[in-house]
1. When residues of region 4-46 are filtered for being farther than 25 Å from residue 225 by Cβ and out of contact with any helix residue (DSSP H, G or I) (no Cβ under 6 Å at 6 or more places or on another chain), how many remain?
2. Specify which of the listed residues (109, 68) is at pLDDT 70 or above and exposed (fewer than 12 other Cβ atoms within 10 Å of the Cβ).
3. Which residues, counting only those in region 138-157, are farther than 20 Å from residue 7 by Cα and at pLDDT 75 or above?
4. Any idea which residue in region 137-146 is farthest from residue 9 (Cα to Cα), counting only those that are touching a helix residue (DSSP H, G or I) at 6+ places or on another chain (Cβ under 7 Å) and in contact (Cβ under 8 Å) with a residue 60 or more places away in the chain?
């Protein structure tokens with residue numbers, strides 16, 4: 001019997017990992033498709049902005065018009081900033097896709113190594129079930145059911161823990177973005193009061209750091225969404241996360257339009273705080289699900305202990321409340 005238990009434990013882990021990997025790959029493929037389309041759009045946007053700059057730099061009609069009204073330098077500076085913003089967004093999306101492609105290839109290799117595990121699990125489970133039937137009794141069947149439920153709960157807890165880890169990393173980066181923007185706002189205030197070159201340089205150093213942090217946060221939000229797809233396979237947790245995956249795009253759209261304007265820093269602070277709040281909502285839901293799952297698993301363990309000690313099974317420990325999640329019938 002111990003031989004069966006060891007085999008089933010190993011195969012059950014493989015089956016769960018296979019299902020998790022399938023869900024993860026489905027989500028990653030969707031992200032990849034979105035990024036490919038986004039890169040095409042950003043490529044057009046980048047080219048358009050570059051052409052706007054070139055028209056002003058050459059002796060075109062628009063260049064002549066702005067020179068005549070005395071605003072060519074102002075217009076050219078604006079177009080250059082918009083071209084830079086478009087280039088930053090394009091480069092960021094390309095790097096994201098490259099990293100995502102490498103991760104997809106890694107997941108595909110892991111999934112290939114698990115081929116056939118569901119059939120092997122079902123075969124060993126049937127062998128043990130037949131053996132228990134020969135030994136007879138409702139107790140034997142109930143023990144088998146409880147072992148399956150406990151194993152399932154253990155595996156689901158791992159998925160929730162991974163999602164929580166991803167969420168906490170994203171939350172930490174969002175906090176860094178907000179802190180750095182706060183610092184940039186302070187330097188901007190000093191700059192408005194006549195702080196001079198040093199305060200201006202300090203402000204731009206902070207904004208450079210914010211740009212790096214936002215790129216990192218974007219990747220962490222994608223990771224969080226991927227981990228949530230694992231949880232969603234087995235649990236009813238509906239999280240509106242797609243909206244704030246666009247945070248970097250919204251951020252960069254306005255951020256380079258006029259880097260010297262203090263109001264734009266304030267708008268960026270509000271955007272970052274909104275993202276932080278949404279991540280906190282996700283974490284709260286995951287923590288509630290984790291608590292419910294822990295209570296459910298402890299109920300199963302107590303009932304299993306009673307089965308072993310008394311040679312009979314009752315379901316009083318688990319109650320009649322709706323479970324946060326139920327294992328697939330295949331298991």
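The values are calculated or read from the model by the stated rules, or taken from the named source; none is laboratory data. What you see is a predicted model; the values in this text were computed from it and never measured. Cβ coordinates were reconstructed from backbone atoms using ideal geometry, including for glycine residues, and neighbour counts include every protein chain displayed.
1. Count: 5.
2. Matching residue, one of 109, 68: 109.
3. 138, 157
4. So the residue we want is 139.
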